[in-house]
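First comes the structure, then the notes that go with it.
The values are calculated or read from the model by the stated rules, or taken from the named source; none is laboratory data. Remember, it's a predicted structure, so these values are computed and weren't measured experimentally. No Cβ is skipped: glycine too gets one built from the backbone with ideal geometry, and neighbour counts run over all protein chains shown.
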């Protein structure tokens, strides 16, 4: 079968062995897979071994099945989450599922940028969901990324009337803002690109600004909020400059949600602001099974809109999709198989 395989900071489409159903679970024929920012970071920063097949925002069809789970049959069209918690450890019992050691170790095989994948019986029981034509393949592929954002919104305890600010209006920022609006917040955001600002406004943001300087961006938002600031700020751009901007925008006692990584040599910790202003700095990483279920319902009900900022590429064009995303030619890529 064809798969996009990582090799020395490059991605090559080659033939590899198709997974075999030797244990309970399923073989899924992949229809397509979204290209996540985390995939690009792993490729560009050489964070995965040679031979790795990445991709986890999968939509596909069950073609082989071995399970006692009567909810599925061969021919079902599905979306999925790639990690499965154990539901028994101290992390799971505290609903911190993405910190579960089983969650971190479990995965689909080999990865979503391949024609076929194997999923375990545990995946079928907890993180795989049938779809019945309510969504396009591209829309359905957003189940996992929307669930990741939903997890962050829940962790930040967004409520009616909160002032929320989104720094970075790529696909994740646009999803996060829509979710915050759904939870009753007043949402603003900023980005460097005019087209993303326009799209944010089309998707229901109350305000969206072009980032110029920290001082100008902060002053503009402070005027809009009567010099109050944001109750919650979401960092959805992996840039070092977003951290001081977030700290300048958040109210005393407010929350900054970190939803993007920066290169390790750029890591920074705003110690004095956290201490004197009693800020809460919160990370949010990956969704629970319930978040995946809730995400799919939000997409089915057209509450979260995703189709208008996604560009489709054939598998053999994945390198082009990566480059177009990195150079901001597009917002989000979907790889067709």
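Residues that are more than 25 Å from residue 11 (Cβ to Cβ), over 16 Å from the mean Cα position of the chain (by Cα) and at pLDDT below 95: does region 112-133 have at least one? Yes, region 112-133 contains a residue that is more than 25 Å from residue 11 (Cβ to Cβ), over 16 Å from the mean Cα position of the chain (by Cα) and at pLDDT below 95.
Results for (1) crowded, with 18+ Cβ neighbours inside 10 Å; (2) farther than 30 Å from residue 16 by Cα, shown as yes or no for each residue.
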position	(1), (2)
79	yes, no
83	yes, no
94	no, yes
105	no, no
146	yes, yes
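Restricting the search to strands (runs of 3 or more DSSP E) fully inside region 43-148 and requiring at least 3 residues that are out of contact with any helix residue (DSSP H, G or I) (no Cβ under 9 Å at 6 or more places or on another chain) and either over 21 Å from residue 304 (Cβ atoms) or not assigned by TED's automatic domain parsing to the domain that holds residue 302 (or both) gives 57-66, 116-120.
Does residue 196 satisfy the criteria of being within 20 Å of the chain's Cα centre (by Cα) and surrounded by 17 or more Cβ atoms within 10 Å (Cβ to Cβ)? Talk me through it step by step, then tell me what you get.
Values: within 20 Å of the chain's Cα centre (by Cα): yes; surrounded by 17 or more Cβ atoms within 10 Å (Cβ to Cβ): yes.
So residue 196 passes the test.
When you check residue 209 against the structure, is it more than 23 Å from the chain's Cα centre (by Cα) and in contact (Cβ under 8 Å) with a residue 12 or more places away in the chain, yes or no? No, not satisfied.
Confirm whether residue 220 is free of Cβ contacts under 8 Å to residues at least 40 places away in the same chain, touching a strand residue (DSSP E or B) at 6+ places or on another chain (Cβ under 8 Å), assigned by TED's automatic domain parsing to the domain that holds residue 256 and within 18 Å of residue 247 (Cβ to Cβ). So residue 220 fits the description; yes. For region 212-245, filtered to residues that are within 19 Å of the chain's Cα centre (by Cα) and farther than 16 Å from residue 187 by Cα, the residue that is surrounded by the fewest Cβ atoms within 10 Å (Cβ to Cβ) is 239.
Looking across region 1-21, the residues that are closer than 30 Å to residue 67 by Cα and either in contact with a strand residue (DSSP E or B) (Cβ under 9 Å, 6 or more places away or on another chain) or assigned to a strand (DSSP E or B) (or both) come down to 1, 2, 3, 4, 5, 15, 16, 18, 19, 20, 21. Inside region 293-317, residues that are touching a residue at least 40 places away in the same chain (Cβ under 8 Å) and out of contact with any strand residue (DSSP E or B) (no Cβ under 7 Å at 6 or more places or on another chain) make up a count of 11.
Run down 322, 330, 304 and say which single residue is under 28 Å from residue 10 (Cα atoms) and not in a helix (DSSP H, G or I).
Values: 322 fails: not in a helix (DSSP H, G or I); 304 fails: under 28 Å from residue 10 (Cα atoms).
It is 330.
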